[in-house]
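The values are calculated or read from the model by the stated rules, or taken from the named source; none is laboratory data. Small disclaimer: the values here were computed from a predicted structure and weren't measured. Cβ coordinates were reconstructed from backbone atoms using ideal geometry, including for glycine residues, and neighbour counts include every protein chain displayed. The protein model used for the area step is the full one, side chains on, heavy atoms only, and it has no ligands, DNA or RNA in it. Shrake-Rupley method; radii C 1.70, N 1.55, O 1.52, S 1.80 Å.
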Amino acid sequence: MLDYSDFIAGVGAIAMGSTTYEWILDHESGADWRWPYDVPSWVFTHRELAVIPDARIEFTTDDVAVVHKEMVRAAGGRNVWIVGGGDLAGQFADAGLLDEVLVTIAPVTLGAGAPLLPRRVELRLEETGRNGDFVAVRYSVAQE
């Protein structure tokens, strides 16, 4: 499950915040660039963002619990992936809608940073592995 190709094959819908969306746009550009995901995607934002023509992206300000129902339907039995930002993943956790956290650790030394999840979420280590130059870790979310 820690191999990206295997992982992404099991994803049927994607959610991300505006910061992750803008990071993708800033770091993945070029003349022939296209949106990297072919599954329905939701961007949670309260801001006006650039629209990518022909991409299956919906911008929303709705609560994660409301959108989660749409995402599960759209995923058609496959996984819903919360990409990037810890705050959005934390909102899904707060609503009891987060069951796994996959972390990829890149070989970069940071002078500062932000917490992985900006709230307390009880995690259990399930798997570790290598994905190219990265360390990948899979945790289950402990349901209380």
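Looking only at helices (runs of 4 or more DSSP H) that fall completely inside the stretch 1-93, which ones have 1 or more residues that are under 29 Å from residue 125 (Cα atoms) and of a type in the set (Ser, Thr, Tyr)? Walk me through it before giving the result.
Details: elements: 4-9, 18-27, 64-75.
By residue number, 4-9, 18-27.
Limited to the stretch 94-129, what total is found for residues that are open to solvent by 60 Å² or more (accessible area, probe 1.4 Å), under 18 Å from residue 17 (Cβ atoms) and not in a loop (DSSP other than H, G, I, E, B)?
Number of matching residues: 3.
Sort out which residues of the stretch 99-121 are in contact with a strand residue (DSSP E or B) (Cβ under 7 Å, 6 or more places away or on another chain) and either modelled with pLDDT of 90 or more or of a type in the set (D, E, K, R) (or both), and write them in order of number. Walk me through it before giving the result.
Residues of the stretch 99-121 that are in contact with a strand residue (DSSP E or B) (Cβ under 7 Å, 6 or more places away or on another chain), as a first pass: 99-106, 116, 121.
Scanning the stretch 99-121 gives 99, 100.
Which pairs have Cβ atoms under 9 Å, sit 6 or more apart or on different chains, and link a residue in the stretch 71-91 that is over 20 Å from residue 18 (Cβ atoms) to one that is in a helix (DSSP H, G or I)?
78/9; 79/7
Can you name every residue in the stretch 42-61 that is polar (S, T, N, Q) and surrounded by 13 or more Cβ atoms within 10 Å (Cβ to Cβ)?
Residues of the stretch 42-61 that are polar (S, T, N, Q), as a first pass: 45, 60-61.
45, 60 - these are the residues of the stretch 42-61 that are polar (S, T, N, Q) and surrounded by 13 or more Cβ atoms within 10 Å (Cβ to Cβ).
Kindly indicate whether any position in the stretch 24-35 is touching a strand residue (DSSP E or B) at 6+ places or on another chain (Cβ under 9 Å), open to solvent by 20 Å² or more (accessible area, probe 1.4 Å) and of a type outside the set (A, V, I, L, M). Can you show your working first?
Initial filter on the stretch 24-35 (touching a strand residue (DSSP E or B) at 6+ places or on another chain (Cβ under 9 Å)): 24, 35.
If we keep only those that are open to solvent by 20 Å² or more (accessible area, probe 1.4 Å) too, we end up with none.
Checking the stretch 24-35: not a single residue is touching a strand residue (DSSP E or B) at 6+ places or on another chain (Cβ under 9 Å), open to solvent by 20 Å² or more (accessible area, probe 1.4 Å) and of a type outside the set (A, V, I, L, M).
Where residues in the stretch 9-24 are hydrophobic (A, V, I, L, M, F, W, C) and free of Cβ contacts under 8 Å to residues at least 40 places away in the same chain, which of them is farthest from residue 100 (Cα to Cα)? Let's see the steps before the verdict.
So the first thing to find is which residues in the stretch 9-24 are hydrophobic (A, V, I, L, M, F, W, C), and the list is 9, 11, 13-16, 23-24.
Subsequent filtering for residues that are free of Cβ contacts under 8 Å to residues at least 40 places away in the same chain retains 9, 24.
Numbers: 9: 17, 24: 23 Å.
Out of the qualifying residues, it is 24.
Has the stretch 62-85 got any residue that is of a type outside the set (A, V, I, L, M), surrounded by 15 or more Cβ atoms within 10 Å (Cβ to Cβ), under 17 Å from the mean Cα position of the chain (by Cα) and modelled with pLDDT under 90? Full working, then the answer.
In the first step, residues of the stretch 62-85 are kept if they are of a type outside the set (A, V, I, L, M); the result is 62-63, 68-70, 73, 76-79, 81, 84-85.
Filter again for surrounded by 15 or more Cβ atoms within 10 Å (Cβ to Cβ), leaving 68, 70, 79, 81, 84-85.
From what's left, under 17 Å from the mean Cα position of the chain (by Cα): 68, 70, 79, 81, 84-85.
Add one more test, that the residue is modelled with pLDDT under 90, and what stays is 84-85.
Among the residues of the stretch 62-85, at least one is of a type outside the set (A, V, I, L, M), surrounded by 15 or more Cβ atoms within 10 Å (Cβ to Cβ), under 17 Å from the mean Cα position of the chain (by Cα) and modelled with pLDDT under 90, which makes the answer yes.
Looking for something modelled with pLDDT under 95, open to solvent by 90 Å² or more (accessible area, probe 1.4 Å) and among the hydroxyl-bearing types (Ser, Thr, Tyr) - is there at least one such residue anywhere in the stretch 132-139? Don't jump to the end; show me each part of the working.
Here is the first cut: in the stretch 132-139, the ones modelled with pLDDT under 95 are 132-139.
Subset that is open to solvent by 90 Å² or more (accessible area, probe 1.4 Å): 133.
Next cut, among the hydroxyl-bearing types (Ser, Thr, Tyr) only: none.
No - not one qualifying residue is present in the stretch 132-139.
Taking the conditions exactly as written (modelled with pLDDT under 85 and out of contact with any Ser or Thr (no Cβ under 6 Å at 6 or more places or on another chain)), does residue 25 satisfy them or not?
Spelling it out, it is not the case that residue 25 is modelled with pLDDT under 85 and out of contact with any Ser or Thr (no Cβ under 6 Å at 6 or more places or on another chain).
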